[in-house]
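The values are calculated or read from the model by the stated rules, or taken from the named source; none is laboratory data. In this text the structure is predicted, and so the values were computed from the model without any measurement. Please note: Cβ atoms are built from the backbone with ideal geometry, for glycine as well, and neighbour counts cover all protein chains shown. SASA here: full protein model, heavy atoms, side chains in, ligands and nucleic acids out. Shrake-Rupley method; radii C 1.70, N 1.55, O 1.52, S 1.80 Å.
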Amino acid sequence: MARVFVTRRPVGDALARLAAAGHEVDVWPDPEPPPPATLIERTQTADALLCTLSDRIDAALLDACPHLKVIANYAVGLDNIDLAAAAERGIPVGHTPGVLTDATADLAFALLLAAARRLPQSAQAVKDGRWGTWQPDGFMGADLVGTTLGIVGAGRIGEALAKRASGFDMRILTTTSRGGTPLPELLAQSDFVSLHVPLTPQTRHLIDARALARMKPTAFLVNTARGPVVDTEALTQALHAGTIAGAALDVTDPEPLPPDHPLLGAPNLLVVPHIGSATPRTRAAMADLAVGNVLAGLAGEPLPHPAPAPAPSPAAPDASRAP
Ligand code: DGY
């Protein structure tokens, strides 16, 4: 019998498979993550760790947890885990690719539409009693048909977003670490820019002041990837200065964003609390994959959904080269 520490109760009944396999399951009961010292303490006696993107799994934790045979992230993104440190210690790491592609692409497109058609501003006006008579130029938004969507990082989610956008007759540009439209050109040509790169040292602040300055003043930025891909301060300034038309974010840096954070004072901004995969079917499917990774790791088998090899990290799309 192995001991599994689970840092947040997942959606669905996937954990029952661990108990059915005879494993002891220790589930952190709070909605907030275990504090770092508690995370180490509870993982110290565990053979497997099922964690979420808000648990930092670094070399110090791994050194303190000698029994650990497998780490299963309840997420597709892996930036919360030091993959190189896990590999050095021979600990396989798994994640949840594929099952959250559609839900996340749906949310990215919902953010794009909401920003374009000014849904938050219009809905707020109704609540505030500012719904006057119909005006020819009231609450004007942006058209989608015939505009250009720039997709930065054309993996599964980027491709699923492109599928949705093609239904709106949008022109698609993509940039990846392997090619496509160079990022500076994509930024300059797009009416909407949507981010779909993993967070790595190469993609941290990929969208910085220079990148934002390349965007059209009528363009919108959508981020459903990871907050630190965007330089928050630069985005705050760009929104205040009106050098871009707006931003719609599912992820922020820091996350969660405190209510008094300067970013929230910026105009034409929509922020939702990291809900890209938040549908019951998606979150239950993610739990199934995570539990499958735990069971395989404990059985000494290859993980069905292993993390990609940690290093060397691929080059990020380059924002600094002139178009
Ligand atoms: C992920 O899986 O990486 C998402 O950000 C949360 O579902």
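Among the numbered criteria (1) polar (S, T, N, Q); (2) open to solvent by less than 10 Å² (accessible area, probe 1.4 Å); (3) part of a loop (DSSP other than H, G, I, E, B), which single criterion is violated by residue 218?
(2)
Conditions (1) in contact (Cβ under 8 Å) with a residue 12 or more places away in the chain; (2) open to solvent by less than 40 Å² (accessible area, probe 1.4 Å); (3) assigned to a loop (DSSP other than H, G, I, E, B), marked per residue:
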residue: 22; (1), (2), (3): yes, yes, yes
residue: 40; (1), (2), (3): yes, no, no
residue: 45; (1), (2), (3): yes, no, yes
residue: 50; (1), (2), (3): yes, yes, no
residue: 61; (1), (2), (3): yes, yes, no
residue: 77; (1), (2), (3): yes, yes, yes
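Go through segment 154-169 and report how many residues are under 18 Å from the mean Cα position of the chain (by Cα) and among the charged types (D, E, K, R).
Looking only at segment 154-169, we keep the residues that are under 18 Å from the mean Cα position of the chain (by Cα), and these are 154-162.
Filter once more, keeping what is among the charged types (D, E, K, R): 156, 159.
Of the residues in that region, 2 qualify.
What are the residue pairs meeting all of these: first residue in segment 271-283, first residue within 9 Å of the ligand (Cβ to nearest atom), second residue among the charged types (D, E, K, R) and outside any loop (DSSP other than H, G, I, E, B), Cβ atoms under 9 Å, and 6 or more apart or on different chains?
The qualifying pairs are 276/106; 277/283; 282/102.
Collect the residues in segment 221-241 that are within 16 Å of the ligand (Cβ to nearest atom) and either open to solvent by less than 10 Å² (accessible area, probe 1.4 Å) or within 29 Å of residue 146 (Cβ to Cβ) (or both), keeping them in residue-number order. Show your work before the answer.
Taking segment 221-241 first, the residues within 16 Å of the ligand (Cβ to nearest atom) are 222-230.
222, 223, 224, 225, 227, 229, 230, listed by residue number.
Determine which single condition residue 139 fails, assuming it passes every other condition in (1) touching a Lys or Arg at 6+ places or on another chain (Cβ under 8 Å); (2) at positive phi; (3) within 16 Å of the ligand (Cβ to nearest atom).
Here residue 139 clears every test but (3).
For the subset of segment 119-146 comprising residues that are of a type in the set (A, V, I, L, M) and in a loop (DSSP other than H, G, I, E, B), which member is farthest from residue 218 (Cα to Cα)? Working first, answer last.
Filtering segment 119-146 for residues of a type in the set (A, V, I, L, M) gives 119, 123, 125-126, 140, 142, 144-145.
Those left that are additionally in a loop (DSSP other than H, G, I, E, B): 140, 142, 144-145.
Values: 140: 13, 142: 9, 144: 12, 145: 15 Å.
Here the answer is 145.
Here is a list of conditions, (1) in contact (Cβ under 8 Å) with a residue 40 or more places away in the chain; (2) in contact with a helix residue (DSSP H, G or I) (Cβ under 8 Å, 6 or more places away or on another chain); (3) within 30 Å of residue 217 (Cβ to Cβ), and residue 99 meets all of them except one; can you say which number that is?
(3)
Report yes if residue 264 is at pLDDT 95 or above, assigned to a strand (DSSP E or B), under 25 Å from residue 215 (Cα atoms) and away from the ligand (no atom under 16 Å from the Cβ), otherwise no. Break it down stepwise before answering.
Details: at pLDDT 95 or above: yes; assigned to a strand (DSSP E or B): no; under 25 Å from residue 215 (Cα atoms): yes; away from the ligand (no atom under 16 Å from the Cβ): yes.
So residue 264 fails the test.
Run residue 87 past the list (1) more than 16 Å from the ligand (Cβ to nearest atom); (2) in contact with a helix residue (DSSP H, G or I) (Cβ under 9 Å, 6 or more places away or on another chain) and report the number of the one that doesn't hold.
Checking residue 87 against (1) more than 16 Å from the ligand (Cβ to nearest atom); (2) in contact with a helix residue (DSSP H, G or I) (Cβ under 9 Å, 6 or more places away or on another chain), the one that fails is (2).
Can you name every residue in segment 55-75 that is within 16 Å of the ligand (Cβ to nearest atom) and either farther than 21 Å from residue 18 by Cβ or of a type in the set (Lys, Arg) (or both)?
Filtering segment 55-75 down to residues within 16 Å of the ligand (Cβ to nearest atom) leaves 55-57, 71-75.
Passing the criteria: only 56.
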